[in-house]
Amino acid sequence: MARNIVVTGEAGTGKTMVALAIAMGLRAKGKKVGYFKPAGEKSFKRSKDGMSIDEDAAIMKDVLGLEADAGSICPIPQSHTSFDELAKIGTADLKAKIQESYDEVSRGMDVVIIEGTRDPWQLLHVNLSTPQIAQMMEARVLCLVNFTELSATDNILHLKSFFNQHGIASMGVVLTMVPPMLKNTIQNEIPKFMEEHEIGFCGAIYHRRELFNPTIRDILRALDGEMIVGDDKLDHLIDQFLIGSMLPENALKWFRRARDSAVITGGDRADLCLAAMETDVALLILTGGLGPDIRTISRAKETGVPILMTAHDTYATGRIVDGLIGTVSAENKRKIKTIEKIVGEALDFACLS
């Protein structure tokens with residue numbers, strides 16, 4: 001029977017990235033490792049039979065070369081309005097489907113990495129939140145916490161309390177997106193803090209652009225977009241996203257403060273596009289399926305600023321790109337190697353056993 005490790009954490013903590021690093025690290029030790037995501041999110045990416053599949057499941061299948069189909073790796077891809085969708089099916093049938101898919105995915109494996117839901121408490125209404133899944137799978141729990149400031153210790157205790165309340169007696173924690181300036185605190189204080197609260201300290205991943213920041217290629221794929229200008233800059237890293245919805249003269253002060261940023265605005269806002277290209281903006285994302293006018297395209301070619309167009313509206317686009325922290329793609333071989341080395345070395349594999 002395979003040993004199970006649940007990787008969980010709030011949205012944007014890099015769960016898939018860490019799951020990949022664990023899988024590659026254990027494979028290097030000679031273990032047969034599978035990946036399972038009981039409940040994911042419906043994606044524009046489709047399986048061969050036309051079914052909606054979870055993007056992370058499709059990526060992990062490709063990167064790890066898994067034989068199981070993506071529909072088994074993630075048996076319950078849900079929409080954002082899935083309350084009725086899953087409640088009507090019922091917990092018993094959902095659990096049966098998860099167990100059947102897990103049996104297929106885990107066959108012949110020594111370890112299965114199970115990725116939790118977008119947030120640990122998601123699907124509580126059908127008794128399939130991450131701690132409930134961990135109980136069902138008798139899994140070791142590894143919780144990721146973005147540790148961008150010292151107050152994140154409260155987040156650690158909050159998550160511990162939540163998991164304890166739902167039947168998980170012990171858990172390990174990996175701190176992510178840690179600013180380098182907190183290195184002394186992480187080394188000298190955090191281990192004692194974890195020990196006092198009976199939490200396993202399983203490592204700290206320091207913030208590095210090449211680990212956590214998405215490339216233009218990542219953004220293009222996530223938005224199911226189209227490049228209008230700048231196909232040669234798909235590997236450029238984006239540091240932050242700015243919503244352009246104000247007057248150009250008001251927007252300029254924000255654009256000038258940011259480097260390697262992407263401006264999200266409607267395709268009909270030529271005034272904002274032209275203003276943004278007078279600063280260090282690294283990408284224009286035009287929403288609503290509206291392409292740029294001739295002036296914008298001409299200026300983009302002069303300045304070298306890539307333009308990406310998506311059919312999503314501005315709100316949906318902002319929501320999607322906010323979820324791209326720590327994303328992984330099968331095409332980005334350089335990032336996969338970076339994850340294997342940097343994240344792999346940051347993790348305490350003894351803590352996972």
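This table checks each residue for (1) touching a helix residue (DSSP H, G or I) at 6+ places or on another chain (Cβ under 6 Å); (2) under 30 Å from residue 347 (Cβ atoms).
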| position | (1), (2) |
| --- | --- |
| 204 | yes, yes |
| 214 | no, yes |
| 273 | yes, no |
| 282 | no, no |
| 294 | no, no |
| 301 | no, no |
| 306 | yes, no |
request  = Among what's in region 127-170 and is part of a loop (DSSP other than H, G, I, E, B) and of a type in the set (S, T, N, Q), pick the residue that is farthest from residue 100 (Cα to Cα).
outcome  = 151
message = Yes or no: region 287-304 includes at least one residue that is assigned to a helix (DSSP H, G or I), small (Gly, Ala, Ser), in the same structural domain as residue 243 (by TED's automatic domain parsing) and within 26 Å of the chain's Cα centre (by Cα).
response = no
key: Contacts under 6 angstrom Cβ, first residue in region 18-43 being in a loop (DSSP other than H, G, I, E, B), partner of a type in the set (Val, Ile, Thr), 6 or more apart   = 31/111; 38/98; 38/133
ask   = In region 325-343, is there at least one residue being among the hydrophobic types (A, V, I, L, M, F, W, C), more than 21 Å from the chain's Cα centre (by Cα) and modelled with pLDDT under 90?
value = no
remark   = The condition of being surrounded by 21 or more Cβ atoms within 10 Å (Cβ to Cβ) and assigned to a helix (DSSP H, G or I) holds, among 327, 317, 338, only for 317
ask   = Only one of (1) over 22 Å from residue 260 (Cα atoms); (2) in a loop (DSSP other than H, G, I, E, B); (3) in contact with a Phe, Trp or Tyr (Cβ under 9 Å, 6 or more places away or on another chain) fails for residue 351. Which number is that?
value = (2)
remark   = Requiring at least 3 residues that are within 14 Å of residue 260 (Cα to Cα), the strands (runs of 3 or more DSSP E) wholly within region 198-249 are 240-243
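Answer with yes or no whether residue 195 is in contact with a strand residue (DSSP E or B) (Cβ under 9 Å, 6 or more places away or on another chain), free of Cβ contacts under 8 Å to residues at least 12 places away in the same chain, on the phi < 0 side of the Ramachandran plot and in the same structural domain as residue 9 (by TED's automatic domain parsing). Let's see the steps before the verdict.
Values: in contact with a strand residue (DSSP E or B) (Cβ under 9 Å, 6 or more places away or on another chain): yes; free of Cβ contacts under 8 Å to residues at least 12 places away in the same chain: yes; on the phi < 0 side of the Ramachandran plot: yes; in the same structural domain as residue 9 (by TED's automatic domain parsing): yes.
Judged against the criteria, residue 195 is a match.
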message = So, residue 307, is that one crowded, with 16+ Cβ neighbours inside 10 Å and within 30 Å of residue 18 (Cα to Cα) or not?
response = no
message = Just to be sure before I move on: is residue 207 surrounded by fewer than 19 Cβ atoms within 10 Å (Cβ to Cβ) and touching a Lys or Arg at 6+ places or on another chain (Cβ under 9 Å) in the structure I sent?
response = no
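Residue 122 - would you say it is assigned to a helix (DSSP H, G or I), out of contact with any Cys (no Cβ under 9 Å at 6 or more places or on another chain) and closer than 26 Å to residue 2 by Cβ?
Working: assigned to a helix (DSSP H, G or I): no; out of contact with any Cys (no Cβ under 9 Å at 6 or more places or on another chain): yes; closer than 26 Å to residue 2 by Cβ: yes.
Answer is no for this residue.
The values are calculated or read from the model by the stated rules, or taken from the named source; none is laboratory data. These numbers were taken from a predicted model, which means no experiment stands behind them. Every residue, glycine as well, gets a Cβ built from its backbone with ideal geometry; the counts of neighbours run over all protein chains shown.
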